[in-house]
Amino acid sequence: MPAFRWWPWSRRPEPTQPANTVSLPDSLVASMLGAGNFAGTPVTEQTAMGLSAVYRAVSLISGTIAQLPLRTLRMRAGRLDRVGSILDDPQPGFGLTPFEWVETIMLHLLLHGNAYLTHVHNGAGALYALIPHHPLCVEPYWPRPDDRELPVGGRWYRVTDIWGRQSTHDARTLTHISAQSPDGLKGVGPLTIARNSFGTAIAGDRAAAKMFSSGALISGLVTPDDADLEGDEATAIKAELLTSVGGWENAGSIAVVNRRLKFTPWTMSAADAQFLQSRQFSIEEVARWFGVPPHLLMQTEKQTSWGTGVAEQNRGLGRFTLSPWTARVEQRLSRLLGAHRWAEFDFAGLERPNVETEIDLVIKQMQAGLITRTEARALRNLGPTDEGDDSDDEPV
């Protein structure tokens with residue numbers, strides 16, 4: 001048997017409610033049912049992520065941040081050192097990998113505006129693992145004025161597991177990472193504040209599906225010039241036209257039909273054209289909500305995919321979109337590491353220039369004496385030279 005208890009709520013008494021029920025706040029139940037949406041379509045994780053632009057934006061931000069190395073740093077005797085910590089593997093030997101762990105936290109933040117991590121301690125009382133919980137299964141609340149025991153951190157958290165069991169936590173047993181918060185209790189995510197935009201986009205997808213399943217998708221109308229046709233005659237004319245002009249094998253051929261017929265092409269109406277434009281506009285709306293350049297959502301109609309302008313937009317993604325998210329995670333996790341230690345995502349790999357520019361920069365740093373030859377080779381993932389460290393003092 002392990003020396004630690006896996007479930008934090010195993011120390012709590014069993015709840016009186018049935019084990020197959022899950023308690024959620026009324027506001028969360030209303031949000032799951034799509035309340036407050038002008039389009040009247042339910043906006044949930046599944047329906048929102050069903051939008052290609054939302055899925056791309058969320059996966060882009062969460063995946064990019066998850067691939068950044070999460071370092072634990074320490075300042076000692078005026079020197080910055082990297083040290084090991086629980087953040088190197090937040091669920092050691094089981095559960096999520098470090099990449100999946102950060103990605104899950106970012107998914108919770110990007111969709112719901114909150115990420116909750118319960119603490120698991122080993123037999124010696126040391127922090128052993130951090131377990132993410134779905135935001136809909138955690139209810140933060142302020143303590144009542146008559147509470148004799150005030151929570152550490154100022155807030156209580158009621159966590160409901162998948163079996164319906166509940167446990168109460170404060171900052172000693174749960175870490176809460178929040179997005180922008182109007183009340184300081186919990187953050188507000190796009191599924192709440194962008195409900196109308198997402199609902200409109202979901203309604204557009206449903207309308208498009210309905211148009212393809214039940215709408216008129218014919219190429220044109222054929223009507224007789226002289227008289228009305230009987231049912232058998234109309235069927236015969238249709239078969240004759242399909243045989244003469246239908247399919248790839250009749251491309252470029254000349255159709256001869258022994259009838260006096262009038263063909264009217266079926267063209268797209270102005271309403272249909274505006275419908276397509278509205279669906280393109282929804283991609284730009286999603287890009288605004290998540291702070292992602294439209295070209296990274298594969299929307300390149302209004303701009304080129306090449307050039308320095310796009311390169312600057314990619315750098316802006318890290319500076320103006322990724323950095324605020326990582327700062328929230330870094331500062332909360334740093335409180336678990338003790339004094340003079342902090343967590344930091346390493347953006348060096350993400351911000352690296354092209355190979356030619358990087359090599360030129362490394363050479364200039366060596367010539368200025370800022371780095372040694374061994375350090376320069378390490379930046380290029382190269383081992384030390386045969387001459388050893390003594391070559392570091394030689395001129396370039």
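Read-outs: derived from the displayed coordinates by stated rules, not from any lab. This structure is a prediction, so every number in the text was calculated from the model and none was measured. With ideal geometry, Cβ positions are generated from the backbone for all residues, glycine too; neighbour counts draw on all protein chains shown.
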Applied in sequence order to segment 194-200, the curve 6.51 cos²θ - 1.76 cosθ + 1.60 (Karplus, θ = phi - 60°) yields integer Hz couplings, x standing for Gly and Pro, of 9, 4, 5, 5, 5, x, 5
Of segment 127-148, those with amide N under 15 Å from the point 7 Å along the Cα→Cβ vector of residue 168 are 139-148
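Counting other beta carbons within 10 Å of each residue's own, what order do 121, 112 fall into, fewest first? Present the calculation step by step, with values, prior to reporting the outcome.
On the way: 121 15, 112 24.
In increasing order of surrounding Cβ atoms, one gets 121, 112.
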With a ≥ b ≥ c from the Cα gyration tensor eigenvalues, square-rooted, and the rule rounded for a/c under 1.5, otherwise prolate when a/b > b/c and oblate otherwise, segment 80-224 is prolate
Applied in sequence order to segment 89-102, the curve 6.51 cos²θ - 1.76 cosθ + 1.60 (Karplus, θ = phi - 60°) yields integer Hz couplings, x standing for Gly and Pro, of 7, x, 10, x, x, 7, x, 7, 6, x, 5, 5, 5, 5
Ranked output for segments 232-241, 141-150 by mean other Cβ atoms within 10 Å, highest leading, reads 232-241, 141-150
Footprinting proxy, 197, 334: sorted fewest to most Cβ within 10 Å, the residues are 334, 197
By the mean-Cβ-within-10 Å protection proxy, highest first, 367-377, 66-76 rank as 66-76, 367-377
